[in-house]
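Participant: Supplied in structure tokens, the structure appears directly below.
No lab work stands behind these numbers, since they all come straight from the coordinates. Quick caveat: nothing in here was measured; it's all calculated off a predicted structure. Heads up, the Cβs are rebuilt from the backbone with ideal geometry, glycines too, and the neighbour counts pull from every protein chain shown.
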Amino acid sequence: MTPGEIPWALALRRNGMHVGTATLLATPGGSELLSRTVLITAHQASTLSPAGTEVDTATNIILPEADAVRIPVERFVTHPGFDPVSLRDDIAVVHLRTGLPGGIQLPTPSIAPLAGTTARVAGWGALGEDGPSPNVLQQVDLTVLTDAEAVDAYGDDFGDGMLAAGDPGGGKGTWEGDDGSPLTYRSADGNEYLAGISSWRRGCGRADRPDVFTRVSHYLGFIETNRAPSS
């Protein structure tokens with residue numbers, strides 16, 4: 001992984017300790033503008049408070065690059081419908097104290113990823129069910145599934161506001177430590193967009209158990225209403 005290759009994937013820290021991944025959103029008008037708006041899951045936010053929580057731009061969370069910076073969190077806005085049992089509405093908007101460049105663009109309903117689309121997820125989660133946790137940001141390609149395929153795998157546990165993606169042959173996927181990780185895809189217009197943020201899974205890289213993400217296009221109104229003011 002080249003430093004800066006996925007600038008919207010931020011390490012989430014609590015009292016200096018790595019606790020997951022956060023996703024930096026682009027400011028309307030361009031990813032080169034500074035943005036103070038980050039997405040995480042609501043279940044991550046439920047364990048945190050602004051005091052002591054930061055995001056880190058380092059690709060290597062143990063030996064950070066010289067130009068890496070840490071930005072304190074100012075505010076969490078958790079979706080009012082969040083259910084910690086079912087993980088419905090598992091999304092929270094985070095306001096940073098200062099802005100960062102390099103955010104990922106939100107999709108529009110007309111360019112949301114179709115089933116069969118290849119998407120990539122990036123995070124610092126453990127490398128397999130019994131694997132170690134990496135120091136360096138990792139990425140894997142997954143295939144977006146239909147809602148019917150997700151319901152076949154999970155029944156009523158899969159609901160509105162969720163998106164499933166996995167490796168049809170098994171072997172690749174998210175795991176512990178990947179919550180909040182961005183799932184992105186390239187649209188026909190050539191731009192990369194945010195499809196989802198990693199929410200939950202059952203097993204790692206199992207062909208019959210796809211990863212479940214919060215479907216970002218379902219929450220555009222909530223996100224836009226609660227964006228942080230630009231720097």
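Participant: Ratio of alpha-carbon Rg to the 2.2 N^0.38 Å globular estimate for segment 128-231, to two decimals, please.
Facilitator: Working: Rg = 14.6 Å, N = 104, 2.2 N^0.38 = 12.8 Å.
That works out to 1.13 for segment 128-231.
Participant: Next up: For a quick check: sort Ile197, Ile62, Ile111 by the number of other beta carbons within 10 angstrom, fewest at the front. Walk me through the intermediate numbers first.
Facilitator: On the way: Ile197 29, Ile62 9, Ile111 15.
By the 10 Å Cβ count, ascending, the order reads Ile62, Ile111, Ile197.
Participant: Once fully extended, how much extra length lies between Thr47 and Thr117, figured as 0.36 nm per residue of separation less the alpha-carbon to alpha-carbon distance? Spell out each step's value before the answer.
Facilitator: Working: separation 70, 0.36 × 70 = 25.20 nm, distance 3.29 nm.
Going from the current span to full extension adds 21.9 nm.
Participant: Taking the Cβ of Val136 as the center, what net charge do the other residues with Cβ under 12 Å away carry, scoring Lys and Arg +1 and Asp and Glu -1?
Facilitator: Spelling it out: positives minus negatives among the neighbours equals -2.
Participant: R0 = 25 Å: FRET efficiency of Ser86 with Ser110, Cβ-based, nearest 0.05?
Facilitator: On the way: r = 29 Å, r/R0 = 1.15.
Using R0 = 25 Å, I get an efficiency of 0.30.
Participant: What does the charge dipole of the chain about its Cα centre add up to, to the nearest 20 debye, if the Cβ of each Lys and Arg holds +1 and the Cβ of each Asp and Glu holds -1?
Facilitator: 560 debye
Participant: Given H placed on each backbone N at 1.01 Å, which residues far from Thr21 in sequence or on other chains put an amide H within less than 5 Å of it?
Facilitator: Excluding prolines and chain starts, which carry no amide H, the hits are Leu12, Asp179, Ser181.
Participant: I want to check the label-to-label distance for Asp147 and Asn191. Put each point 7 Å from Cα in the C-beta direction and report it in nm to one decimal.
Facilitator: 2.5 nm
Participant: Still on this structure: Tell me the relative contact order for segment 1-117 as a rounded percent, counting alpha carbon contacts under 8 Å between residues six or more apart. Present the calculation step by step, with values, prior to reporting the outcome.
Facilitator: On the way: 236 pairs, mean separation 36.5, N = 117.
It rounds to 31 percent for segment 1-117.
Participant: When a footprinting reagent is the concern and you count Cβ atoms within 10 Å, what order do Glu192, Glu65 take, fewest first? All intermediate terms of the calculation are to be shown ahead of the outcome.
Facilitator: Details: Glu192 17, Glu65 12.
The order, fewest Cβ neighbours first, is Glu65, Glu192.
Participant: Could you tell me the distance between the Cα centroids of segment 62-80 and segment 118-176, to the nearest Å?
Facilitator: 24 Å
Participant: Further question on the same structure: Taking the beta-carbon count within 10 Å as an exposure proxy, list Asp208, Asp189 from fewest neighbours to most. Show your work: numbers first, answer last.
Facilitator: Values: Asp208 10, Asp189 7.
Exposure proxy ranking, most exposed first: Asp189, Asp208.
Participant: Rounded to two decimals, what is the ratio between the C-alpha radius of gyration of the chain and 2.2 N^0.38 Å?
Facilitator: On the way: Rg = 16.1 Å, N = 231, 2.2 N^0.38 = 17.4 Å.
Cα-based Rg divided by the globular estimate yields 0.92.
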